[in-house]
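A short worksheet on the structure shown next.
The values are calculated or read from the model by the stated rules, or taken from the named source; none is laboratory data. Computed from a prediction, not measured in an experiment: that's the story for all the values here. Cβ placement follows ideal geometry from the backbone for every residue including glycine, while neighbour counts extend to all protein chains displayed.
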Amino acid sequence: MSDEITAAGFEAAPGTDDWRALSLGASALFRTRAPGEGAVLLERVRVLADGADHHPDVDLRPDGVVVRVSSHDVDGLCRRDVALAREISAAAADLGLAADPAGVQEVELTIDAADRERVMPFWGAVLGHRREDEDLVDPHGRWPGIWFQGMDEPRPLRNRLHLDVFVPHDVRQARVDAALAAGGRVTTEEFVPHWWTLADHEGNEADVVAWEGFDEDLADGLLTPEEFRAAGGADDWRVLQGASAYYATGGFDAGVELVARAARAAEEAGVPLFADLRYSGATLRVGPPEDGWIDAARLGVARRVQSAARDLGLRADPAVLRDVQLTFDALDVDAVRRFWAAALGYATRGATDLYDPLLRGPSVFLQPLDAPREQRNRIHVDVMVPADVADARVAAAIAAGGTVVRDAEAPFWRTVADPEGNEVDIAVVPGRAEAWGG
């Protein structure tokens, strides 16, 4: 009998109450009171994962730890994922950490394309994603995957949604060149060197941002990207949305050791740390705009993390780093912002910015639109939520000005449009295999 299990089967298994099945596996969020608590749980997870020879993805946050189990050999879930999930839940309970099942979700994107094969290479190049069948996925499991679906009739107007891809300043030219070689084109040079606006063969746009020519006024005590780079002792780090570093670990144990040391250094300094641990590498971030940007204390933590990584013999690879943002052009910025905060469960920063409270999904920026573009976008957002959260999420989106425009596939997904027609599919995974026979 196959070891594979459906999403619904996983959630029905005894001992998985903390977990919710989404598109990339099953995830649990355990709330912590300090980064050091997260480090202790991470070290417990290492022992369990090594014992099972089955290693999860772990995202350590200032107030929680997200663990995701999946079996890459079957591109889904297996009974070994159930067993590991039970053990991790028991370890968290032993540490007095409560689960927050409603706090997990995954954001993805869908592009409607007349010629999928002509647009996919561009998006793979600009995002650094790899192709899996008819989709693009982040090889490091951090940023939204992209699904492509057919489009029967042309929609020639410019989208009201585009992507901003933040990359290190010293790989920007290579990223732009790769996107152009993959069929992209420069649509305007008006904003160079702040960012480069590129488009695929069908006009879907991405801005490649590298913080060159930074000219924003910062509050006293905050560092510009140039000042951060010149400070010394953090050569492995790059300024994107905050300062980030990626270390290839060659295995899970070295990554756990690095992230645990980083968490304790951050706690000692009183600095929030965001760490994404995968089997082959770890990404660490301090000072995202949602957390106050980069100051001397955050620079100090970056230096300590770099020192720890080098003590462990780990190699930095800045070319892996990137951050992703969704930018909406809106006639009524406030109305559109309220909708997307509700639909994505995001927090608000200022009048134009939204962000995932766990900083696991792309940020959102809204900018004014002078005249209507009355055409359905060729890009829409998909948010995978727990099945027991979906109805409330749809209701919140409607209460925030949204309209359900398609629900034929409910409860597996419902398409809700914001007040200006930008769409999101609010989707759940459990039950699909049973209903659709796959």
For this session: Scan (1) outside any helix (DSSP H, G or I); (2) touching a Gly at 6+ places or on another chain (Cβ under 6 Å) for the single condition residue 276 breaks and write down its number.
Result: (2)
For this session: Go through (1) in contact (Cβ under 8 Å) with a residue 40 or more places away in the chain; (2) under 30 Å from residue 423 (Cβ atoms); (3) out of contact with any Gly (no Cβ under 9 Å at 6 or more places or on another chain) one by one and return the number of the condition residue 98 breaks.
Result: (2)
Exercise. Looking at this structure, is residue 245 of a type in the set (Gly, Ala, Ser), under 22 Å from residue 43 (Cα atoms) and surrounded by 23 or more Cβ atoms within 10 Å (Cβ to Cβ)?
Worked result: yes
Exercise. From the list 61, 80, which one is surrounded by fewer than 18 Cβ atoms within 10 Å (Cβ to Cβ) and over 15 Å from residue 101 (Cα atoms)?
Worked result: 80
Problem set entry | Residue selected from the range 149-195 under the condition surrounded by fewer than 19 Cβ atoms within 10 Å (Cβ to Cβ) and assigned to a strand (DSSP E or B), by the criterion nearest to the chain's Cα centre (by Cα) | 149
Exercise. Is the range 117-132 home to any residue that is buried (at least 18 other Cβ atoms within 10 Å of the Cβ) and part of a strand (DSSP E or B)?
Worked result: no
Problem set entry | Criterion violated by residue 375 - all others in (1) at pLDDT 95 or above; (2) touching a Lys or Arg at 6+ places or on another chain (Cβ under 6 Å) satisfied | (1)
Problem set entry | Residue selected from the range 27-58 under the condition assigned to a strand (DSSP E or B) and of a type in the set (Gly, Ala, Ser), by the criterion surrounded by the fewest Cβ atoms within 10 Å (Cβ to Cβ) | 28
For this session: Select from the range 292-343 the residues that are under 30 Å from residue 385 (Cα atoms), at pLDDT 95 or above and not aliphatic (A, V, I, L, M) and list them in ascending order.
Result: 322, 323, 325, 327, 328, 329, 332, 334, 337, 338, 339, 340
